[in-house]
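Worksheet: the structure to be examined is printed underneath.
The values are calculated or read from the model by the stated rules, or taken from the named source; none is laboratory data. Keep in mind that what you see is a predicted model, and the values were worked out from it rather than measured. Here the Cβ is made from the backbone with ideal geometry for all residues, glycine too, and neighbour counts use every protein chain on show. With ligands, DNA and RNA removed, areas are computed over all heavy atoms of the protein, side chains included. Shrake-Rupley method; radii C 1.70, N 1.55, O 1.52, S 1.80 Å.
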Amino acid sequence: SSSSSSSSSSSSSSIGDNSNSSSFENFNYDESKTMEENIKLFSNFPNPFNPVTNISYNLSSKGKVKVTIHDMLGRLVTTLIDRSQNAGFNSITWNGTNIKNELVAGGVYIYTIQFDKSAISKKMVLLK
């Protein structure tokens, strides 16, 4: 009895290893596919930039869009847009200022777009 239970547990552990790796790959594929169907966030241009950069994105449908800039500590620097936009290609410019319209320090910043339950972030570099 003990030998049959050990052989069944060893075969189930190898099956478990295989199913774990394939479900992990499937999860990554499905996640990126879902986000691409809803929204495509392009790299800002120019990057690095000083003093202005352009952030472009493509929406699958009309809906509420929010684009925010955060510093590397996760603090909100500014919100560039927070309103409904039409489907298709859209772009917005950031002039390197915060909510108070003050120029921010040079460094790495994160820009995030939120749309239809999806959120995508990318890094950009402000040179001074």
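Scan the strands (runs of 3 or more DSSP E) fully inside the range 33-73 and keep the ones with 1 or more residues being open to solvent by less than 10 Å² (accessible area, probe 1.4 Å) and at pLDDT below 95. Give the derivation first.
Details: elements: 39-41, 53-59, 63-71.
Filter on the range 33-73 gives 39-41.
On the basis of being more than 15 Å from Lys122 (Cα to Cα), among the acidic types (Asp, Glu) and at pLDDT 95 or above, does Asp17 make the cut? Lay out the reasoning, then the answer.
Details: more than 15 Å from Lys122 (Cα to Cα): yes; among the acidic types (Asp, Glu): yes; at pLDDT 95 or above: no.
Here the answer is no, as Asp17 does not meet what is asked.
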Quiz item: Is there a residue being without any contact (Cβ under 8 Å) to a residue 12 or more places away in the chain and not acidic (Asp, Glu) anywhere in the range 100-109?
Solution: yes
